[in-house]
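The next block holds one structure in the form of structure tokens; read it before the comments.
The values are calculated or read from the model by the stated rules, or taken from the named source; none is laboratory data. These figures come from a predicted structure and were not determined experimentally. Note that each Cβ is placed from the backbone with ideal geometry, even for glycine, and that neighbours are counted across all protein chains shown. The accessibility values were calculated without ligands, DNA or RNA, using every heavy atom of the protein model including side chains. Shrake-Rupley method; radii C 1.70, N 1.55, O 1.52, S 1.80 Å.
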Amino acid sequence: MLSPAMFIGASGLRAMQQRIDIHSQNIANANTPGYRRVDASHVEMSPSGVSTVSTHRMNPALAQRISALAGQASYSEHLSGALQDSASTMDRTATAMTAAQEKMSALLYRASLTPNESGLGENLAAQASVVAREASEGLSQLDGQLKELGMEKSLLSQQVKIKMGELAELNRQAMFVGEDPMLRNRQAQVGKELAELVGGEVRLEKDGTATFIVDNHMVVSANGTLELPKNIGGKLAASQQAYERVLAQRESLRQQVASYTDLMNGL
């Protein structure tokens, strides 16, 4: 039936969100004295679905990559929030449709015993409409989330271009004034903000300029800006990944509803 598959999908989203939350805690506490890294793993739940468990292990020495850590934390936090929204939608839809399907099953059982019962056909049609309405509401909510994520991706892309241009402008200033403390601080701050958007890291060069690297590709240097590589991180990558996952959930729900509709029509 439809609802068990939806519960499994929702549990998978929640488990992924929990895993991301644990990863964020590791990043945030990496340099805290006495902190031990937490490992996350998925386990099967009865009767179906998955959950996340965590275990501690000794924290190894970590390199001081401030901008890189900012990008990783930003990615984890952003993706976690998006997954939580879609998991809540799937949970609500699954619960509502389970209740509607149970009533439908009771009516079908009565129809098998007393097919000529007065008003039974109308009751079946009405209950089928309830099931359809609950499914439609779930799909509508997922469509709304996809629309918001699409707008968010566009906005984040604009912010990335602005930050890249800002860092390039700081480099042009540095080429005239040399290494300036205030300019250096601004380069580091803009580099951190850019890392939060696309991952990567900022490198402050000896000549006073700053270089920004994403996936071993130079995207900002003393010579200006270049195109971003396909493999990015930060909020922009999280937004794209959340969009793809919600899209997959929506298409899965559409297919399950279509199969259930065919089954009900046949009955």
Using a 1.4 angstrom probe on the protein heavy atoms only, line up K192, K206 by accessible area, largest first.
K206, K192
What dipole magnitude, in Debye to the nearest 20, does region 74-183 give about its Cα centre under +1 on Lys/Arg Cβ and -1 on Asp/Glu Cβ?
260 debye
Residue by residue through region 185-190, the couplings from Karplus 6.51 cos²θ - 1.76 cosθ + 1.60 with θ = phi - 60°, in Hz, x for Gly and Pro, are 4, 5, 4, 5, 5, 5
Segments 121-134, 94-107 sorted - mean Cβ within 10 Å per residue, highest first
94-107, 121-134
Potential lengthening between Q241 and T261 on full extension [0.36 nm per residue; Cα-Cα distance subtracted]:
4.2 nm
Applying 1/(1 + (r/R0)^6) with R0 = 45 Å to the Cβ-Cβ distance of A125 and S157, what FRET efficiency is obtained, to the nearest 0.05?
0.40
Going Cα to Cα from K235, which lysines come in below 28 Å? Please leave out same-chain ones fewer than 8 positions away.
K147, K153, K161, K163, K192
